[in-house]
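Undergrad: Following this message is one structure expressed as structure tokens.
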Amino acid sequence: MNNSGNQNVTGTSSPDKVQAVASKAEEAVKKVYKSTGTPDQEQVQAVASKVKEAVKKVYKSTANQMHIIDIFTTLCLVEQTHTRRKPRKKENNMKSDKEMELDKKTYEKMQPETREGNPIKCKIESYEGIFKFQTHKEGIPIKRIVVSGSAGIGKTTLIDKIAYDWALGTCQTLNKFELVFVLKMRSIKQASNLTEAIGHQLVAKDSLDASALEEFIDKNQDKVLILLDGFDEFKIASLDTSSFGSILKVLSKTQYTECWVVITSRPPLDKLVNKSLVKKPYAHVRVKGFSNTNIKEYVNKFFTEDHDKARRLIEQIELSDTLSDLAESPMLLLLMCSLWAEKNTLPDTMTRLYKSAFQYIFKRKERNIKENEISEVLIRVGKVALDCLISKDRSFDFREGDFEKSALDEAMKAGVLTSERIIDGLDTYQSVSFIHHLFLEYCAALYWQSLINTEEYDRILDQVAGKLTDYSCCSRYEKLLQFCCGENVACTNRILQKIHHINPQLVLVYYFESRSKELPLENVIRSILTDGIDISKWNNDSTNAFFHFLKQVAALCRGNDYFSEVKTLNVSNFNLHRFVEVLATSIKLMTNLERLSLKYSSLTVANTDQILSSLASPSTLIELDLSGNETLGGSVSLLAPQLMKLKCSNLCLTSCKLVAQDVSPIAKSMKDTLVVLDVNESRALGGCASTWGPELGKMECLYFISLIDCCLEGTDIEHIAMALSGVSTLYYLHLGKNQGLGGCAEMWALHLKGMRHLKEVHLGKCSLRDKDVEPIAVALSDIQTLVHLNLSWNQDLGGCAEMWALHLKGMRHLKEANLSLCKLRHKDVEPIAVALRHIQTLDISYNSTLGGCASLWALYLKKMNQLKELSLKGCSLTGGDMEPIAESVSDMPNLVHLSLSDNNPLIGCASSWAPHLKLMTKHLKRLRMGHFTDEEEQHINASIGLHSPILELE
């Protein structure tokens, strides 16, 4: 398509086109006559057919104006409570081995979506996936789907795309629906009825046979899809279920329960997802916007006839993380394309982007209009917008009389405001709305800026800032505040003074938005440069703003001690290439820095050397984490001089692709300081420990070494163990996920015997077999200091414990054992309990085959009379298992901690097992369980009390 064909791709229609579409739709349904009395079935079907054709014309016409076919939006499922999708391919059910750790703690942290019955988080390839959710137990389709996402991210476009595809009949999933209704929530009231809203928004009310349409919907609920757009614009202060019309009754499933409903909203969702409206089961889908691929595809389609222009725009977007973030929004990407088509340049802040966008929109209609004239119009309509945003009613459905007439006319002419005719009973009026919510917020901010140095400005600031502490309201005002800070130092200083103690990310983003050449006040600076800074989970906007802030403070505050407050700095998970200079300059000023994490930051050896060189001398650094910087592998010798100067005690180089030649410079440069060494996932170290293993013995202070997933083989252990046997300080040895150790322990286990000071050994996920346990147990039995043995995730040990468990009996010094994820069966529990009757902590979590048969194994737990802690988490325990477990636990006076969480079969049957909790907690001091429904909690409360100090609900 050419540029001119895309200039109106704004996600909405101009006023005259909207009116034209409405007129065509009205004419299409004029023939639908209004009946008197009860309609017969033939009449009902005829009315439904004519309404179907009428709304199809509306959707096709609207989509053609919006160029829906060019929009590509990626969806991502972020929450699905006790639901599941239709069966998927096996590879989607588990994460890669790289993402799995060895012990239950990491399993819980990184793998919640892979365990049966837990919320699923996964990418949905197309919107058709949102119609395929089912309840977990019964497999019943989930017909209430909540679609959330930030402003301008593509929620409305998604709704229009679904309606358009249904109208064309091109989507097989949608073809099952006889009727699809798209309704804007901003035009709906609490008491609005479905057919009434259809008459207001889609077809002419005076030509609609409401009773016939209602009857068709009632008798064909499974064939009706209702798409409700913009719940966050729904004008309601508080819900009153007695006043609900059929639309809210559909949401709350008290009417038309089998109709399909998709509803969009900006977060937070607390006013939508609650006991009054959307209740479980429901599906929650988050619109993430465009991926990098989508952005490139969209830009190339926009500039079909100028590929060089498309290429240069894509390069410009990719050079700026801010623009990359903004381009994820379909609406903002469209604006970028339009601006690039005209000016070949792009702004670098939200405010500048929207300022340019408004100038572009106005100048399309009136080329000679001046910038101050545009601002004046926006400020005048912004007064109405701001009043709406800060009012309790928050009605985004305006009347013409709300605006000054001249400002209204100019804004309507430009297309900033749109109008549609609304018939509400006997009242007919023109409903006015902004073309997008972000446009409303920008205009509101301009008006607010105009009030600076007035009591009214401060009153509004107090009101808005007070809401930021309330999570349910916070996001409603974030963009308003950001726009208010845009290129306005006075407003920025006032706002930062109010919020600096609430949210450091917002402080930085707003300061960046101001583009101020001055520093904020001292208390604002100190709210950012604290003793602990962690931006590892921040988005690109916030991270960019953080480095802008560092640069400003470092340049303008020379001689000040702001940076000396920082003791911990974590700037992981971000491409640091563009900010290495700023980071190095800032770190040089952090004279008391103790912990530095630069994980997964795409650092080169030169980058790393520059940063480490900037650290204070003498160094105060204790911990250094460079994990995930793969280019460091094979080049650690170049960093040795800096490592030697640092003298830090903890070094983490996980996933740095280390090779054998890297071990020696680490050992030599840090031989008398290094206490903790983590070189996990250095797979090139496997099979060649004869060359690098002896170097480990040079680290005289080593206390902890982790060699997880290093592709170690049996022949490697001899060289590692021999070197480390002379390190008297070594207490912890992690060899997990080295699957080459399985099946050959008789070759390597005996070498562990010389490591006489070990306290903990991890051999999780090493593919160990029954024959491996004996040589391991024999070797470790002579290490009197050993208290913890981790054999988790060795699934070949399940079902044959009678062949290997007895060998553990000789490890009399052992206090803790981890046998989680070993596929243990009921017959394994007795030999394990007999052999480990002396230990104090046993973890057999996530052995799901123990569920449903506790009567066969629970009684053997009593043999472990020294046991203090027991984890049965994620064992698929059923209500019937609770009684035998309770009976055994009640006879174990030393057992004080018991975990039964993540046992999903317990959900829905608390009435059968809750009474046994009283006996179970006879000696316990802590009982961990999952969350349950209100009804189930009542049963628990009746047994031991929900507020019992013993009970801990996860």
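One line per residue, one yes/no per condition, for (1) over 21 Å from Glu522 (Cα atoms); (2) open to solvent by 40 Å² or more (accessible area, probe 1.4 Å); (3) at pLDDT below 85; (4) within 26 Å of the chain's Cα centre (by Cα):
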| site | (1), (2), (3), (4) |
| --- | --- |
| Leu426 | yes, yes, yes, no |
| His437 | yes, no, yes, yes |
| Ile460 | yes, no, no, no |
| Ser472 | yes, no, yes, yes |
| Tyr477 | yes, no, no, yes |
| Arg494 | no, yes, no, no |
| Leu508 | no, no, no, yes |
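Undergrad: For Leu733, which of the numbered conditions (1) surrounded by fewer than 24 Cβ atoms within 10 Å (Cβ to Cβ); (2) touching a strand residue (DSSP E or B) at 6+ places or on another chain (Cβ under 8 Å); (3) part of a loop (DSSP other than H, G, I, E, B) fails to hold?
TA: Every condition holds for Leu733 apart from (3).
Undergrad: Residue under question is Glu513, and the condition is that it be at pLDDT 90 or above and on the phi > 0 side of the Ramachandran plot; does it hold?
TA: On the way: at pLDDT 90 or above: yes; on the phi > 0 side of the Ramachandran plot: no.
No.
Undergrad: Just checking, does segment 782-796 include any residue being open to solvent by 20 Å² or more (accessible area, probe 1.4 Å), in contact with a His (Cβ under 6 Å, 6 or more places away or on another chain) and either modelled with pLDDT under 95 or not in a helix (DSSP H, G or I) (or both)?
TA: Within segment 782-796, one or more residues are open to solvent by 20 Å² or more (accessible area, probe 1.4 Å), in contact with a His (Cβ under 6 Å, 6 or more places away or on another chain) and either modelled with pLDDT under 95 or not in a helix (DSSP H, G or I) (or both).
Undergrad: Continuing with the same structure: Of the residues that sit in segment 745-766 and are open to solvent by 10 Å² or more (accessible area, probe 1.4 Å) and either aromatic (Phe, Trp, Tyr) or under 42 Å from the mean Cα position of the chain (by Cα) (or both), which one is farthest from Leu814 (Cα to Cα)?
TA: Lys765
Undergrad: For segment 701-718, give me the residue count where each residue is at positive phi and surrounded by fewer than 24 Cβ atoms within 10 Å (Cβ to Cβ).
TA: Initial filter on segment 701-718 (at positive phi): 709, 711.
Within this subset, residues satisfying the condition of being surrounded by fewer than 24 Cβ atoms within 10 Å (Cβ to Cβ) are 711.
Matching residues across segment 701-718 total 1.
Undergrad: Here is a further query. Return yes when Arg578 is open to solvent by 30 Å² or more (accessible area, probe 1.4 Å), farther than 25 Å from Leu521 by Cβ and modelled with pLDDT under 95 and no when it is not.
TA: Here the answer is yes, as Arg578 does meet what is asked.
Undergrad: Only residues in segment 397-413 that are part of a helix (DSSP H, G or I) count as the first member; pair them with residues that are open to solvent by 70 Å² or more (accessible area, probe 1.4 Å), Cβ under 7 angstrom, at least 6 apart or cross-chain, and list the lot.
TA: Hits for this filter: Leu408/Glu400; Lys413/Lys365.
Undergrad: Then there is this: Could you pull out every one of the helices (runs of 4 or more DSSP H) wholly within segment 612-707 that has 3 or more residues that are out of contact with any Phe, Trp or Tyr (no Cβ under 6 Å at 6 or more places or on another chain) and at pLDDT below 95?
TA: It comes to 640-646.
Undergrad: Tally the residues that are free of Cβ contacts under 8 Å to residues at least 40 places away in the same chain and either farther than 21 Å from Ala341 by Cα or touching a Lys or Arg at 6+ places or on another chain (Cβ under 9 Å) (or both), restricting the search to segment 361-386.
TA: The number of residues fulfilling the criteria is 8.
Undergrad: Follow-up question, since we're still on this one. Which condition breaks for Thr428 when tested against (1) in a strand (DSSP E or B); (2) in contact (Cβ under 8 Å) with a residue 24 or more places away in the chain?
TA: (2)
Undergrad: Of the residues that sit in segment 278-294 and are in contact with a Gly (Cβ under 9 Å, 6 or more places away or on another chain) and among the β-branched types (Val, Ile, Thr), which one is modelled with the highest pLDDT?
TA: Val285
Undergrad: Checking Lys737 against (1) on the phi < 0 side of the Ramachandran plot; (2) touching a residue at least 60 places away in the same chain (Cβ under 8 Å), only one condition comes out false. Which one?
TA: (1)
Undergrad: Of all residues being out of contact with any Ser or Thr (no Cβ under 8 Å at 6 or more places or on another chain) and open to solvent by 10 Å² or more (accessible area, probe 1.4 Å) in segment 861-882, which is nearest to Ile839 (Cα to Cα)? Just the residue, please.
TA: Gln866
Undergrad: If the Cβ limit is 8 Å and pairs must be 6+ apart or interchain, which residue in segment 922-934 that is within 12 Å of Glu954 (Cβ to Cβ) pairs with which residue that is open to solvent by 80 Å² or more (accessible area, probe 1.4 Å) and in a loop (DSSP other than H, G, I, E, B)?
TA: Arg928/Glu954; Met929/Glu954; Gly930/Glu954; His931/Glu954
Undergrad: So, in segment 535-559, exactly how many residues are among the small types (Gly, Ala, Ser), part of a helix (DSSP H, G or I) and open to solvent by 20 Å² or more (accessible area, probe 1.4 Å)? Quick ask: steps written out before the conclusion?
TA: Going through segment 535-559, the residues among the small types (Gly, Ala, Ser) turn out to be 536, 542, 545, 554-555, 559.
Narrowing further to those that are part of a helix (DSSP H, G or I): 542, 545, 554-555.
Still in the list and also open to solvent by 20 Å² or more (accessible area, probe 1.4 Å): 555.
Here the count works out to 1.
Undergrad: Still on this structure, please answer the following. So, in segment 642-664, of the ones that are under 37 Å from the mean Cα position of the chain (by Cα) and at positive phi, which residue ends up surrounded by the fewest Cβ atoms within 10 Å (Cβ to Cβ)?
TA: Once the filter is applied, the top-ranked residue is Lys657.
Undergrad: List every residue pair whose Cβ atoms lie under 8 Å apart, where the two residues are 6 or more positions apart in sequence or sit on different chains, the first residue falls within segment 247-272 and is open to solvent by less than 10 Å² (accessible area, probe 1.4 Å), and the second residue, located anywhere, is among the small types (Gly, Ala, Ser) and in a strand (DSSP E or B).
TA: So the pair list comes out as Thr264/Ser148; Ser265/Ser148; Leu272/Ser265.
Undergrad: Mind checking whether some residue in segment 767-779 is open to solvent by less than 10 Å² (accessible area, probe 1.4 Å), within 20 Å of Ile708 (Cα to Cα) and outside any helix (DSSP H, G or I)?
TA: Initial filter on segment 767-779 (open to solvent by less than 10 Å² (accessible area, probe 1.4 Å)): 768, 772-773, 776-777, 779.
From what is left, the residues that are within 20 Å of Ile708 (Cα to Cα) are 768, 772-773, 776.
Among the residues that remain, those that are also outside any helix (DSSP H, G or I) are: 768.
For segment 767-779, residues open to solvent by less than 10 Å² (accessible area, probe 1.4 Å), within 20 Å of Ile708 (Cα to Cα) and outside any helix (DSSP H, G or I): present.
The values are calculated or read from the model by the stated rules, or taken from the named source; none is laboratory data. Keep in mind that this is a model prediction, so the values were computed, not measured. Every residue, glycine as well, gets a Cβ built from its backbone with ideal geometry; the counts of neighbours run over all protein chains shown. Side chains are part of the model used for accessible areas, which takes the heavy atoms of the whole protein and leaves out ligands, DNA and RNA. Shrake-Rupley method; radii C 1.70, N 1.55, O 1.52, S 1.80 Å.
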